[in-house]
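These notes concern the structure reproduced below.
The values are calculated or read from the model by the stated rules, or taken from the named source; none is laboratory data. Please read all numbers here as calculations on a predicted model, not as lab measurements. With ideal geometry, Cβ positions are generated from the backbone for all residues, glycine too; neighbour counts draw on all protein chains shown. For the accessible areas, the whole protein counts, side chains as well, though only heavy atoms, and no ligand, DNA or RNA atoms are used. Shrake-Rupley method; radii C 1.70, N 1.55, O 1.52, S 1.80 Å.
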Amino acid sequence: MIIDKTLHRYILRNFLRTFSTTFFVSLFVLLMQFMFRYADDFIGKGVGFVTMAQFFGYSALSLIPLSLPLSILLGSLMTFGNFGERLELLSMKAAGISLFRIMSSLIIFIGLLSIGSFYFADNILPKTQVDMWTLIFSIREKSPELQIPEGSFCSDIDGMNIYVKDKHRNGKLNDVIIYDYSNGFANTGIILAKEGSLEMSKDKKYLMLTLYNGESFENLNQGSKPRTSSDIIPYRRESFSKKEIIIDYDANFNEINGSFLNDDYVSKNTTELQHTIDSVSLKVDSMKNANAEKRVSLTYFEHTNVEQATLAKPEFIKKYESESSKSIYAKLDSVHKTMVIDNATNRCNNLSNDIDYETSTTDWLEGEIRRHAIEWHKRYTLAFACFIFLFIGAPLGAIIRKGGMGMPIVLATAIFIIYYIIDNAGYKMAREGIWPVWQGMWLSAEILLPFGILLTYLAATDNTIMNAESTLITIKEFFKTIKTKCSNLTLLKKR
């Protein structure tokens, strides 16, 4: 018992040392990839350090459930690879300790970690996601820092285009041209100035543009009446030595109200997600039943009352009441035939438009069901992936017997890329409704779990099928056989 405790403490200590390092490395890599995705929303916005720190914090918290499986895979692979390389794993097995007994402490630890990952994703992550997306939308709405380029027009200010030929370090502008179309393109005003300067107000809500030695041209026809090319358009021309213009330009960072995300799937836990799925599914079913009954009643039984049916028919058809529709149509003149065809065409178009609208409504609601179901399954699949990667990483490390940062990182990266591709493919299939949501979201687990079981069996039975030396020998023998066969074929051709 004392030996077991010492052994498990030793294994856990080695694993935690590696796991803590790989966790922060994995989180950093995923965070950088996440940042590159939203880099365009930050560039040129002049976002402050506090806002950026908040975004990094929210993003890091949101990526913890995804970084845990990768760090467990890499940590277990490196730990057991080190044990195998130092022959410690061989010594444990020689002492009669099986692989499952060696891994038992890690299995318990990863089990607790998976439960903690699920709790985090179900209770803390929704609040973090709301804060993160509120921050992203707020940054997107922020006006960019005004940078007027030289030799080209700047259109960052609403209703204005500004051209500057030269800029100096002290903020002085030379040869300024301004097109003011805030009152419409038909009433565009033009301002020309030899020099100018641009400053931001202290509250960062206004731009103060000061112009020197210039002229302005303004169209005086402010009416909404359309003009022709022959109209004489009055205008006003003004020369000035100094002119000051105040422009509305709010450059402050204003965080929007994130209450609009409270009804979104990212803000809900599994209980709320399931409640939404059930309620929306019930609504979709009732809508489909109502639409089906409506289609049947309008298409086949539109007039259930004989008196209503008689009143609904035109006068030129009522006199042929006892005859069939084909014979009635044959007896009508060309004008009445056209009227009948137009009425039938209009009715078909109306029915088609109604069906398209009802279909689009139900499709949107079914999309909402799928989005909520995907998020529901995602909470479980990420926690279960921690277990799968333990049973891939630990046996694979025991088989290859290579520690350090070389081969384990290559293998872990390759396996995680395969996992990511499979998981992303299943997610897209589930999102588009091609597959059932549970099948798409559990696709990666269905494929990688048997692979983990196979690796565990091979490691537990000391199979050398993946040993580096035996693999190299097999490859050499394969190429040697091919070379011999090629030589034999050459001799046969010569004969």
>> So, Ile191, is that one outside any loop (DSSP other than H, G, I, E, B), open to solvent by 40 Å² or more (accessible area, probe 1.4 Å), at pLDDT 70 or above and of a type in the set (Val, Ile, Thr) or not?
In response: no
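So that you can scan it fast, the table gives a plain yes or no per residue for (1) crowded, with 19+ Cβ neighbours inside 10 Å; (2) under 31 Å from the mean Cα position of the chain (by Cα); (3) assigned to a helix (DSSP H, G or I):
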{"position": "Glu358", "(1), (2), (3)": "no, yes, yes"}
{"position": "Ile369", "(1), (2), (3)": "yes, yes, yes"}
{"position": "Cys386", "(1), (2), (3)": "yes, yes, yes"}
{"position": "Leu396", "(1), (2), (3)": "yes, no, yes"}
{"position": "Ile399", "(1), (2), (3)": "yes, no, yes"}
{"position": "Met405", "(1), (2), (3)": "no, no, no"}
{"position": "Ala414", "(1), (2), (3)": "no, yes, yes"}
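Here is a yes/no grid of residues against (1) modelled with pLDDT under 80; (2) surrounded by 15 or more Cβ atoms within 10 Å (Cβ to Cβ):
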| position | (1), (2) |
| --- | --- |
| Tyr265 | no, yes |
| Lys268 | no, yes |
| Val296 | yes, no |
| His336 | yes, yes |
| Asp342 | no, no |
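Kindly establish whether Gly48 is free of Cβ contacts under 8 Å to residues at least 40 places away in the same chain and open to solvent by 30 Å² or more (accessible area, probe 1.4 Å). Explain how you work it out, then say what you get.
Details: free of Cβ contacts under 8 Å to residues at least 40 places away in the same chain: no; open to solvent by 30 Å² or more (accessible area, probe 1.4 Å): yes.
Taking the combined requirement at face value, the residue does not satisfy it.
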>> Given the criteria basic (Lys, Arg) and under 23 Å from Ile107 (Cβ atoms), does Arg371 qualify?
In response: no
>> If the requirement is being of a type outside the set (D, E, K, R), in a loop (DSSP other than H, G, I, E, B), in contact with a helix residue (DSSP H, G or I) (Cβ under 9 Å, 6 or more places away or on another chain) and modelled with pLDDT of 80 or more, which of these qualifies: Ile72, Ile102, Ile97, Ile124?
In response: Ile97
